[in-house]
Amino acid sequence: MGHGPDHRARHPAERFADAADARLPLHDGGGKLLRKAFPDHWSFLLGELALYSLIVLMLTGVWLTLFFTPEMREVTYDGSHVPLRGVRMSAAFDSTLRISFDVRGGLLIRQMHHWAAIVFLAAIGLHLLRIFFTGAFRRPREANWVIGVTLFVLALAEGFAGYSLPDDLLSGTGLRIAQGIMLSIPVVGSYVSMFVFGGEFPGEDIISRLYAMHILLLPGLLIGLVTAHLILVFHLKHTQWRGPGRTNGNVVGKPMYPQFMATSGGLSLIVFGVLALLAGLAQINPVWTYGPYRPDQVSTGSQPDWYVGFLEGALRLVPPWETNIAGHTLMWNVLLPAVVLPGLLFLVLYAYPFVEQRLTGEWHQEHHLCDRPRERPVRTGLGVAGITFYGVLLLAGGNDVVAQSFHISLNALTWVLRVALVVGPVLAFLLTRTVCRALVWKERERLATGDESGEVRQSVAGGYESDHRPVEKFRPGAPRTPAPASPPDQSSLLSNPDRRPGPRTGTPSRGHPERARRRR
């Protein structure tokens, strides 16, 4: 009897699942995938935020393509917006107005699309910052870092293309600036401009060309790179904060099904809902107040979207430097801030993981545990210096609005920002490095002495001393035992006393052969 078949009653759902798995072995093929662990910390959801914003962009973008006309032929507007009736404009601007005022729900979808683009770029930027400050770009994830930076570059281009499609006075001003940047390129600048615009500015082809890039080429590249990025994330596994039971060889967290899928699904609904609320309550890019683009006009107080504001600020801060060589003019005041500067910026971002690992001797070892920013004072200082540099440029992009709002001299503000662009990043680096070291020392002192209990004791000699209790609360990745004494420049070792200090920015492994030879 004991060896016969099991005749216990089973739930119908279990029998159905077994039958389905027998026909299509989903559990055997996807069980390992469904049990994949995801770290349980909010900072790891920034990538999800970018992904769901991209989904909203795709859905709303497909809807908008049904009503948008990507043409520059002139038409006379006769739609619902009375102030612009009878005004000559391009078919692109005319269709944008019709989407906004004549298509049911058109303005909501259009603004939802624009807000999703803002959130998408912001989420990618924050995701890259999280990866940078925690060292999650190190081996074996260098390729994913390169993909992430490329996604950010493509998203910038995609945002600028979509921003220019309505052919309003504000976006037309941005295209005029873009043409000036092209013309600043030595020797070939005029040819590049003629090729892009299909003739003399503004030409008749730029909107249709941007439209093809915006709905076909760039989205295809974005989707392809996002897919490659996700495949690498699944293959390489997630990084995680240090803690009990967490090593370079495992991942501790929620399984993909059902816990993480529920968390991620909830986040997707929040993203969709917030973007819908923003679209319905917060006006963005009201093109009807700018009017159609005319080459002889410029919008007062023109400001681009935040993600290209740093280029605008760089153009405003560089003095009017020009050089005449053999009858040719080199426009340094445009070439340096708009071509050389962004090129160097993204070159540094691409190269940083390889340079840091080479300098610290960490290129030979895989890293799956996140660094805390305070434990890498040099890297954190460099990151904050870069953010400061970007922030000064972004502020300079609106120097005219700031000067007018606060009733200060525009020239004086420009000079202050020029000085801040040079001095600010240096001060930010030094201050951040000092704060990181101080935080590590304070943490080590807390581990050694414990937390204050609030009680005071009096000694036999009449003195007083505060009572302490062992530390019980720890931040993610924080050390849980006191580290051995070390000089201030070796504070990055406090969370892992088995590692030895590197001479520059990092802390190579104890087993690195070159360090071992030096110790011997």
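Condition check ((1) within 30 Å of PHE137 (Cα to Cα); (2) under 24 Å from the mean Cα position of the chain (by Cα)) across all residues:
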| position | (1), (2) |
| --- | --- |
| GLY203 | no, no |
| HIS214 | yes, yes |
| LEU230 | yes, yes |
| PHE234 | yes, yes |
| GLN240 | yes, yes |
| GLY243 | yes, no |
| PRO255 | yes, no |
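For residues that are surrounded by fewer than 19 Cβ atoms within 10 Å (Cβ to Cβ) and either of a type in the set (Asp, Glu) or within 13 Å of LEU210 (Cα to Cα) (or both), tally how many sit in the range 149-160.
1
Identify the single condition in (1) crowded, with 18+ Cβ neighbours inside 10 Å; (2) within 21 Å of GLY386 (Cβ to Cβ); (3) of a type in the set (A, V, I, L, M) that ALA122 does not satisfy, given that it satisfies every other one.
Result: ALA122 fails condition (1) only.
Determine if the range 91-109 includes at least one residue that is crowded, with 16+ Cβ neighbours inside 10 Å and under 25 Å from VAL226 (Cβ atoms).
Looking only at the range 91-109, we keep the residues that are crowded, with 16+ Cβ neighbours inside 10 Å, and these are 91-100, 103, 106-107, 109.
Next cut, under 25 Å from VAL226 (Cβ atoms) only: 109.
Yes, the range 91-109 contains at least one residue that is crowded, with 16+ Cβ neighbours inside 10 Å and under 25 Å from VAL226 (Cβ atoms).
If you take the residues of the range 328-365 that are touching a helix residue (DSSP H, G or I) at 6+ places or on another chain (Cβ under 7 Å), hydrophobic (A, V, I, L, M, F, W, C) and under 14 Å from PHE310 (Cβ atoms), which of them is least open to solvent (accessible area, probe 1.4 Å)?
For the range 328-365, the residue satisfying everything is ALA338.
Might you let me know whether the range 181-196 holds any residue that is touching a residue at least 40 places away in the same chain (Cβ under 8 Å), under 17 Å from SER95 (Cβ atoms) and either in contact with a strand residue (DSSP E or B) (Cβ under 8 Å, 6 or more places away or on another chain) or open to solvent by 50 Å² or more (accessible area, probe 1.4 Å) (or both)?
No: the range 181-196 contains no residue that is touching a residue at least 40 places away in the same chain (Cβ under 8 Å), under 17 Å from SER95 (Cβ atoms) and either in contact with a strand residue (DSSP E or B) (Cβ under 8 Å, 6 or more places away or on another chain) or open to solvent by 50 Å² or more (accessible area, probe 1.4 Å) (or both).
Confirm whether LEU128 is touching a residue at least 24 places away in the same chain (Cβ under 8 Å) and either aliphatic (A, V, I, L, M) or surrounded by fewer than 18 Cβ atoms within 10 Å (Cβ to Cβ) (or both). Break it down into steps so the answer makes sense when it comes.
Values: touching a residue at least 24 places away in the same chain (Cβ under 8 Å): yes; either aliphatic (A, V, I, L, M) or surrounded by fewer than 18 Cβ atoms within 10 Å (Cβ to Cβ) (or both): yes.
Judged against the criteria, LEU128 is a match.
Quick check on the range 63-70. Is at least one of its residues of a type in the set (A, V, I, L, M, F, W, C), more than 22 Å from TRP306 (Cβ to Cβ) and free of Cβ contacts under 8 Å to residues at least 12 places away in the same chain?
Our first condition is that a residue be of a type in the set (A, V, I, L, M, F, W, C); within the range 63-70, this holds for 63-64, 66-68.
Filter again for more than 22 Å from TRP306 (Cβ to Cβ), leaving 63, 66-68.
So of that shortlist, the ones also free of Cβ contacts under 8 Å to residues at least 12 places away in the same chain come out as 66.
Taking every residue of the range 63-70 in turn, at least one turns out to be of a type in the set (A, V, I, L, M, F, W, C), more than 22 Å from TRP306 (Cβ to Cβ) and free of Cβ contacts under 8 Å to residues at least 12 places away in the same chain.
List the residue pairs whose Cβ atoms are under 7 Å apart, where the first residue sits in the range 394-411 and is of a type in the set (A, V, I, L, M), the second is surrounded by fewer than 13 Cβ atoms within 10 Å (Cβ to Cβ) and not in a helix (DSSP H, G or I), and the two are 6 or more positions apart or on different chains.
What qualifies is VAL401/GLY301; ALA403/SER409.
Would you mind finding the one in VAL318, VAL308 that is under 25 Å from the mean Cα position of the chain (by Cα), among the aliphatic types (A, V, I, L, M) and open to solvent by less than 80 Å² (accessible area, probe 1.4 Å)?
Values: VAL318 fails: under 25 Å from the mean Cα position of the chain (by Cα).
Criteria check complete, one pass: VAL308.
Any idea which of (1) part of a helix (DSSP H, G or I); (2) within 30 Å of MET72 (Cα to Cα) is the one THR227 doesn't satisfy?
(2)
Answer yes if at least one residue in the range 210-223 is open to solvent by 50 Å² or more (accessible area, probe 1.4 Å), farther than 30 Å from LYS36 by Cβ and touching a residue at least 40 places away in the same chain (Cβ under 8 Å), and no otherwise. Show your work before the answer.
From the range 210-223, those open to solvent by 50 Å² or more (accessible area, probe 1.4 Å) are 213, 215-217, 221, 223; that's our starting set.
Then keep just the ones that are farther than 30 Å from LYS36 by Cβ; that gives 213, 215-217.
With touching a residue at least 40 places away in the same chain (Cβ under 8 Å) added as a condition, the list becomes 213, 215.
Yes, the conditions are met somewhere in the range 210-223.
The values are calculated or read from the model by the stated rules, or taken from the named source; none is laboratory data. For clarity, every value in this text was computed on a predicted model and none was experimentally measured. A quick note on method: Cβ atoms are made from the backbone with ideal geometry, for glycine too, and the neighbour counts reach across all protein chains shown. Calculation scope for accessible area: heavy atoms of the full protein, side chains included, ligands and nucleic acids excluded. Shrake-Rupley method; radii C 1.70, N 1.55, O 1.52, S 1.80 Å.
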